[in-house]
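Written below as structure tokens is the structure these notes are about.
Throughout, read-outs are computed from the coordinates displayed, never taken from laboratory work. The model shown is predicted, which means the values in this text are computed figures rather than measured ones. Here Cβ is always computed from backbone atoms with ideal geometry, including for glycine, and neighbour counts include all displayed protein chains.
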Amino acid sequence: MELETARLCTMCAEVTGMSGAGIMLMSGDIARGSLCSTNSVSALVEELQFSLGEGPCVDAYKDDRAVLEPDLADPHTGRWLAFTGPAVAAGVRAIFGFPLQVGAVRLGALNLYRDSPGSLTDEQHADALVAADIAAQAILVLQAKAPPGMLAKELEAVADFRYVVHQASGMVAAQLDISVVQALIRLKSHAFGNDLSLDAVAKDVVSRQLRFDATTDGSDSRG
Amino acid sequence: MPREALLAKTLVELADSLVADFDVVELLTHLVDRCVEILDVSAAGLMLVAPAGDLRLMASSSEAMRLLELFELQAQQGPCLDCFRTGQPVVNSDLTARDGPWPRFSAQAVEAGFHSVHALPMRLRGTVIGALNLFDFEAGRMREDDVEAAQALADVGTIGILTHRAALEARVVNEQLNQALNSRIAIEQAKGMVAERTKHDMQSSFSTLRDYARSHNLRLVDVADDIINGRLDVPALDRPPGADSA
């Protein structure tokens, strides 16, 4: 089956009439990577959720249901404390997350955003469910062809798995003699504290411009 | 309740139970129980083709040993096997006829008290996946509308099984996807650790890991896991096989 994975997001945004869409692959409650995003705002929405571990995709996947925030700038609930600010600043006014699932199997989540506030109509909601269903089926069809233990070539080719972040985690773990999980937390808190993206911090670590072991007070040093 | 209404109610009920994570055996048992009621027969069972190609009993309306033996026998001969092979209903077979097609099966069925037997194929598009088997103590014949009702019930069973299989396959593929994602991440993390300790770049760190895995006949992801979890030292990666322990 020939399938242009990158077009999945465009299809999702178009059929629901949203400003943009992104598809996040998740496993074990953790965002693993972004399969596609339709524009730079959607890419940021994916990036924020990957870095911060919170947002509509994360909740949709965890709770196994649609997550609807029709007015992100004036939300009813104070969820996503770190995610909301940068997302609103980038122009996201309404955001919706839908789990990607086939039967009881969950693969990730679809996020849809719009640059104006407002709820989804019943029809848009129904279309979003169908779009998420198609995306989930497409991912499974692609992955079904991959040899055991390997990621399908098509997924590997288009998905942004932020490998640089994991490489940086390994390096920081070695620098501080801590676990890779703790190292990832250090990277994230450095990014958050310095208003940088996790990607940017990871790139600095991998290019050896930033080390975490030079100081003891937590203010990491640039080399 | 008239039969048409009962049939419709059952079809809706069974379709409703096709939700995520349903129990397929429970669904099929429910189905054969309803067959007995709706089709007014004495016993019903569902036989499915196993991966090896032989027919196995999946659900029966009764656990009576004599009935179970009749199902079992049909792996070799009987209306179910014929129905499965041809994909056509096998109805109104006379069990007492001399020179019938299934001498052993017919003799045993008559001994168990049955006078008529029917089998309906469970098929979807080109595939036959099993058969619905009906037994009756009476020698009655199935009318056209009886056969239609029985086939409708068999079709619901087919959909249930195929849905269940699709869900299982999806689960297997998803596990592979998760594994693949997790192992890629573990390898990237291990590359980072090796790069930091050896001061080499990512490419040559990856080569170091891969060469170690190959020369020690290990999976790359297992070597990566050992590095990340401190079970394997980075300096040990440069040692040839057999030189690891003193």
Exercise. Which parts of segment B:94-138 would a label at B:A50 reach, counting a residue when its backbone N lies under 17 Å from a point 7 Å out along Cα-to-Cβ?
Worked result: B:129-131
Problem set entry | In degrees, nearest ten, helix A:6-16 long axis to first principal axis of chain A (Cα) | 50 degrees
Exercise. Whose amide H sits under 5 Å from the amide H of A:S27, counting only residues 5 or more places off or on another chain, with H placed in the peptide plane?
Worked result: A:R32
For this session: For segment A:47-63, just list the computed ³J(HN,Hα) in residue order, Karplus coefficients 6.51, -1.76 and 1.60, θ = phi - 60°, integers in Hz, with x standing in for Gly and Pro.
Result: 4, 4, 5, 5, 6, 8, x, 9, x, x, 5, 4, 5, 4, 5, 5, 8
Exercise. Tell me, what HN-Hα J-couplings in whole Hz come from the Karplus equation 6.51 cos²θ - 1.76 cosθ + 1.60 at θ = phi - 60° for each residue of segment B:62-73, using x for Gly and Pro?
Worked result: 9, 9, 4, 4, 4, 6, 4, 5, 5, 5, 4, 4
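At a Förster radius of 56 Å, what calculated FRET efficiency corresponds to the Cβ-Cβ distance of B:N217 and B:A139, to the nearest 0.05? Mind dumping the intermediate values first?
Details: r = 69 Å, r/R0 = 1.22.
Computed FRET efficiency for B:N217 and B:A139 comes out at 0.25.
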Exercise. Taking only C-alpha pairs under 8 Å that are 6+ residues apart, what is the relative contact order of segment B:172-238 in percent?
Worked result: 34 percent
Problem set entry | Helix A:122-144 axis, angle to chain A major axis (alpha carbon atoms, nearest 10°) | 60 degrees
For this session: Check cross-link reach from B:K199 to the lysines: straight Cα distance under 25 Å, and skip same-chain residues fewer than eight apart.
Result: A:K188, A:K203, B:K191
For this session: Mind checking which aspartates and glutamates have their Cα closer than 16 Å to the Cα of A:K153? Skip sequence neighbours fewer than 8 apart in that chain.
Result: A:E2, A:E4
Problem set entry | Two-site label geometry, A:D122 and A:V88: point separation in nm, points 7 Å out along Cα→Cβ | 3.2 nm
Problem set entry | Positive minus negative residues near A:A90 (Lys, Arg vs Asp, Glu; Cβ under 15 Å) | -3
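Treat the count of other C-beta atoms within 10 Å as a stand-in for reagent exposure and order A:Y113, B:Y212 from fewest to most. Don't skip to the end; give the middle numbers.
Numbers: A:Y113 28, B:Y212 22.
By the 10 Å Cβ count, ascending, the order reads B:Y212, A:Y113.
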For this session: Report, as an integer, the average count of C-beta atoms from other chains found within 10 Å of each Cβ along A:125-131.
Result: 0
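Give me a single rounded figure for A:24-36: the average over its residues of other chain Cβ atoms within 10 Å of their Cβ.
Other-chain Cβ atoms within 10 Å of each residue's Cβ, averaged: 2.
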For this session: Collect residues whose amide H, placed 1.01 Å from N in the peptide plane, falls under 5 Å from the amide H of B:L232; neighbours closer than 5 in sequence don't count.
Result: B:I227
Problem set entry | Built amide H within the under 5 Å cut-off of A:L100, gap 5+ | A:L107, A:G108, A:A109, A:L110
Exercise. Helix B:202-215 versus the longest principal axis of chain B: what is the Cα-based angle in degrees, 0 to 90, to the nearest 10?
Worked result: 70 degrees
Exercise. In peptide A:168-181, what is the residue-averaged number of other protein chain Cβ atoms found within 10 Å of each Cβ?
Worked result: 6
Exercise. How high is the relative contact order of chain B, in percent, counting Cα pairs under 8 Å that sit 6 or more residues apart?
Worked result: 15 percent
For this session: Could you go through segment A:78-91 in sequence order and give the Karplus-derived ³J(HN,Hα) for each residue, using 6.51 cos²θ - 1.76 cosθ + 1.60 with θ = phi - 60°, rounded to whole Hz, and x for Gly and Pro?
Result: x, 7, 6, 4, 7, 6, 4, x, x, 5, 5, 4, 7, x
Exercise. Let a ≥ b ≥ c be the square roots of the eigenvalues of the Cα gyration tensor of segment A:163-222; is it rounded (a/c under 1.5), or, if not, prolate (a/b larger than b/c) or oblate?
Worked result: rounded
For this session: Could you pull out which residues in segment A:44-78 have an amide N less than 19 Å from a spot 7 Å beyond the Cα of A:F192, following the Cα-Cβ vector?
Result: A:44-60, A:62, A:78
Exercise. When you take every Cα atom in segment B:1-72, what is the radius of gyration, and what is Dmax, the widest Cα pair distance, in Å?
Worked result: 13.5, 42
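Set the Förster radius R0 to 45 Å, insert the Cβ-Cβ distance between B:E37 and A:R79 as r into 1/(1 + (r/R0)^6), and round the FRET efficiency to 0.05. Mind dumping the intermediate values first?
Numbers: r = 51 Å, r/R0 = 1.12.
Efficiency, from the Cβ-Cβ distance: 0.35.
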